[in-house]
Amino acid sequence: MDEELVKVDQVIDQYQADQEALVEILREINAASGQYLTRAQLERVARRLRLPLSKVYSVASFYSLISLKPLGRHVIRFCEDAPCHVVGGKEVWDALERELGIPFGETTPDGQWSLLTTSCIGACAVGPVMMVDTDIYGNLTPEKVHDIIERYREADRAETAAASQGGEA
């Protein structure tokens, strides 16, 4: 059996194939499989939970923390709700697109960054807000966007350098 589907079965078994746990099942499979759900995984969930594939797909496509397409190594989710918008969200939105060179909904050609929108992150008091992977950043400005992304780029460069030095030893 395909390793990907073994993981699906393990998660479903953990929830005793409970249809009421569909969102949790999809989130866990998404996390375990590395950022996105495949059609085969969705079909397996539908079959095992005895649900129409259309229902499983609609739930998976509704939640912003579940993805149906490959994402970059780092995923930025920017809050597009009104509280973030009125405190400078548009300027931060533009800065994110400029900094990464892609529009929202896309992944950089090198596969390093995906830029997505999301509904409320739950940090309205410090808007505009974004998540980078699982880290939350608030009180954003265009300048802070550059600094935050640069920190991730530097960490990636350091990781690559360490891996290449380790490979030579």
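The values are calculated or read from the model by the stated rules, or taken from the named source; none is laboratory data. Quick caveat: nothing in here was measured; it's all calculated off a predicted structure. Cβ atoms come from the backbone with ideal geometry, glycine included; neighbour counts cover every protein chain shown. For the accessible areas, the whole protein counts, side chains as well, though only heavy atoms, and no ligand, DNA or RNA atoms are used. Shrake-Rupley method; radii C 1.70, N 1.55, O 1.52, S 1.80 Å.
Among the residues of segment 66-78, are any of a type in the set (D, E, K, R), closer than 21 Å to GLY122 by Cα, part of a strand (DSSP E or B) and in contact (Cβ under 8 Å) with a residue 12 or more places away in the chain?
yes
Which residues, counting only those in segment 33-69, are of a type outside the set (D, E, K, R), exposed (fewer than 13 other Cβ atoms within 10 Å of the Cβ) and under 20 Å from GLN14 (Cα atoms)?
Result: GLY34, ALA40.
Anything in segment 100-109 that is in contact (Cβ under 8 Å) with a residue 12 or more places away in the chain and open to solvent by 50 Å² or more (accessible area, probe 1.4 Å)? List them, or say none.
PRO103
May I ask you to list the residues in segment 10-57 that are free of Cβ contacts under 8 Å to residues at least 12 places away in the same chain and either of a type in the set (A, V, I, L, M) or in the same structural domain as ILE121 (by TED's automatic domain parsing) (or both)?
Correct list: ALA21, ALA31, ALA46, LEU53.
For segment 1-32, which positions are open to solvent by 80 Å² or more (accessible area, probe 1.4 Å) and either in contact with a strand residue (DSSP E or B) (Cβ under 8 Å, 6 or more places away or on another chain) or not in a helix (DSSP H, G or I) (or both)?
Result: MET1, ASP2, GLN16.
For segment 123-152, which residues satisfy the criterion of being part of a strand (DSSP E or B), open to solvent by 40 Å² or more (accessible area, probe 1.4 Å) and in contact with a strand residue (DSSP E or B) (Cβ under 9 Å, 6 or more places away or on another chain)?
ILE136, TYR137
In the set CYS120, CYS84, which member is open to solvent by less than 60 Å² (accessible area, probe 1.4 Å) and either outside any helix (DSSP H, G or I) or more than 24 Å from GLU28 (Cβ to Cβ) (or both)?
Only one candidate qualifies: CYS84.
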